Amino acid sequence: MTSGWARAALSHRICTGIPRRRLGKLIAELAPAWLAQQESRLRARRGRDRLRAAGAGPDHELPFADRVIVTLVILRFQLPHAALAVFCGVHRSTITRAVHEVRPLLAARGFAVPGNPGRRLKTLADVFAYAAAEGVQLRIDGTEVQVRRPGAGRPGRRAFVSGKKKQNTIKSTAVSDGQGRLLWLGAFRPGRMHDVTAARTEGIEDLLRQCPEVTAEVDSGYQGLARDFPGQVSAPPKKPGKNATPEETARWEQHRHQQSSARICVEHAIAEPKQWRPLQRWTGRRDYLQETALAIAGLVSDRAAAR
């Protein structure tokens, strides 16, 4: 960035979503992977090893630390790239290229483990292994983000229409612990797919069989999973029929509230990443939503794990 005030303003916690101390650690964490990525790209372009020592040649128009900062600001507020280019004194394409370089690195970090800063969870299998080792009861729920409707005549256009939201959405599955700390976000599917179907296509049934000691609390959208794994998955009780006695209805209400209180923390884990503008309504290309959601969720999990 050409001016000190621009770097100072954009690196503030309000703009990046993380404190400056954690921002410095994040930059130091991502720098080796970014340098290796750049060297691999240059090696492929040259078709041979470099002839000059590392560091020779022109410097980057936008240093790596500033690339991370502008990427976080875009993830936080979904600002136009052209506006940030004015602040940084570079061309708009430089900001776009920086986002495409840094965002995959953020998405690949995974999710922080509470009480274990050196470990991160990257797959659903990692989550089940962590829950089995630490005795953590999981909370599982689905969430949706509104996206732009596919063009007319394109195949699969109706697959994004959510029956619940009555909008075009992409659905994902979130997993948290009992304190509402996000452990995993994945199983990105078109909004028309049912919650339990999205989880099953991710292989959750095989993981439940492999880890019989792992238990989970779910909502009514996962009744089929609770039926197939009654000792591991707990769902709200089915509503009694019209001819039920007042005692049966009162008992059902009591059980329903108890189960809801046990799993409500996953709703808090879902709500925290949605404070970031892109996950409130995604206006970009649908191809980049998964990468963006994973990058944001990983940053949010850092803060949750530190609590």
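Out of (1) in contact (Cβ under 8 Å) with a residue 40 or more places away in the chain; (2) within 27 Å of Arg157 (Cβ to Cβ); (3) hydrophobic (A, V, I, L, M, F, W, C), what's the single condition that is false for Val218?
So Val218 meets the others, but not (2).
Against the conditions (1) buried (at least 21 other Cβ atoms within 10 Å of the Cβ); (2) of a type outside the set (Val, Ile, Thr); (3) at positive phi, where does Lys166 fall short? Just the number, please.
So Lys166 meets the others, but not (1).
Keeping to segment 230-264, report how many residues are touching a strand residue (DSSP E or B) at 6+ places or on another chain (Cβ under 6 Å) and hydrophobic (A, V, I, L, M, F, W, C).
Adding up the residues that qualify gives 2.
Residues in segment 266-307 that are more than 12 Å from the chain's Cα centre (by Cα), over 21 Å from Asp219 (Cβ atoms) and of a type in the set (A, V, I, L, M, F, W, C): how many?
3
Given (1) assigned by TED's automatic domain parsing to the domain that holds Lys274; (2) surrounded by 19 or more Cβ atoms within 10 Å (Cβ to Cβ); (3) under 17 Å from the mean Cα position of the chain (by Cα); (4) of a type in the set (Ser, Thr, Tyr), identify the lone condition not met by Thr71.
(1)
Scan segment 137-159 for residues that are without any contact (Cβ under 8 Å) to a residue 60 or more places away in the chain, of a type in the set (A, V, I, L, M, F, W, C) and either within 21 Å of Ala198 (Cβ to Cβ) or touching a Phe, Trp or Tyr at 6+ places or on another chain (Cβ under 8 Å) (or both) and jot them down.
Residue satisfying the conditions is Ala159 alone.
Kindly indicate whether any position in segment 287-305 is free of Cβ contacts under 8 Å to residues at least 60 places away in the same chain, small (Gly, Ala, Ser) and at negative phi.
Looking for residues that are free of Cβ contacts under 8 Å to residues at least 60 places away in the same chain, small (Gly, Ala, Ser) and at negative phi, one finds none in segment 287-305, hence no.
Using beta carbons and a limit of 7 Å, which pairs, at least six apart or on different chains, have the first residue in segment 244-266 and more than 18 Å from Gln137 (Cα to Cα) and the second one charged (D, E, K, R)?
So the pair list comes out as Trp252/Lys239.
The values are calculated or read from the model by the stated rules, or taken from the named source; none is laboratory data. Computed from a prediction, not measured in an experiment: that's the story for all the values here. Ideal geometry is used to build each Cβ from the backbone, glycine not excepted, and the neighbour counts take in all protein chains shown.
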